[in-house]
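Right, one structure below, let's go through it.
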Amino acid sequence: MSRFAYVNGRYECHTQAMVSIDDRGYQFADGVYEVVAISNGYPVDLAPHMVRLERSMAELHFAATPYKSALCVIAKQVVRLNRVRNGILYMQINRGTASRNHLFPSEKTGPSIVMTSRSGLGPTEVQAEQGVHLAMLEDQRWSRRDIKSVGLLANALAKQKAKDKGAFEALLVNPDGTVTEASAANIWLVDEEGALVTRPLGTDILAGITRARVIALAQEAGYIVKEKVFTVGEALSALEIFLTGTTTFVLPVVQVDDAVIGNGHPGEVGRDLRYRYRAFLEDLGPESWHVD
Ligand code: PDD
């Protein structure tokens, strides 16, 4: 089956879809993006993803920003054309196309918009049931990690380095010894009191949409959630560690480098939250496409 992509006003065959070599996304990583999970044909938390996308554009001072409602019409069409039931929707908005110059182009330069969608979602059953390993790495990203910029080179280097060390993801550490997040997911731990701990929002991490959803689900289930900075030492002595993200859902971590977490098996809290998150996905309906 052919895949389709939306590029600047047109739905095109995925393999033939193109952007200009003068696109600022290509030359300066001057663009922002979102990855939205599609579960049973419905988008997961589309509304907060769109709010974050708008915020990313505003933080980068994009002059012309497309309307959320228009983007959602395109998004639905891209998912439909690609017949995706369980997969992801990718949206990228760049500042626009202009002759190469570090300075922003004229305000009349429109943004460029690309959307794609493909099947395949979530971790494998084996990863979810057995838990994954992390490799501890220095966080080498820029200082505005709250902006979902396409400038992902440091994230890609970290993920590859983690893989080369036999791990699934990176546990990124700031120079002060505190844990930030993974290369493409947020990190949580369960402390000795059984409370959930995750780094507070700020410029050091991305405000994960799954993170926010899991905070709500956890609080609803009676867990105590502490948004608190934590050190590598606290992470290694935690009862449990898990990741949250659009493509990982809630994924237990059983080892960081050579240190075994808890008893080396996915803990009860992470497992419970994974089931609660999956139940939330099963409950989505057509209203998930509404963003206003
Ligand atoms: N990444 N932190 C980082 C650095 C991320 O790149 C992501 C998601 C997350 C989790 O955010 P959310 O729950 O909103 O997916 C945290 C996406 C999936 C990606 O870049 O492919």
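When each of E54, E59 is tested for being under 19 Å from the mean Cα position of the chain (by Cα), acidic (D, E) and within 15 Å of the ligand (Cβ to nearest atom), the lone residue that passes is E54.
Run down R199, R211 and say which single residue is of a type outside the set (S, T, Y), surrounded by 22 or more Cβ atoms within 10 Å (Cβ to Cβ) and within 11 Å of the ligand (Cβ to nearest atom).
Values: R199 fails: surrounded by 22 or more Cβ atoms within 10 Å (Cβ to Cβ).
That would be R211, the only listed residue that is of a type outside the set (S, T, Y), surrounded by 22 or more Cβ atoms within 10 Å (Cβ to Cβ) and within 11 Å of the ligand (Cβ to nearest atom).
Read the figures in this text as sums done on the coordinates, not as results from a lab. All values derive from a computational prediction rather than experimental measurement. Here the Cβ is made from the backbone with ideal geometry for all residues, glycine too, and neighbour counts use every protein chain on show.
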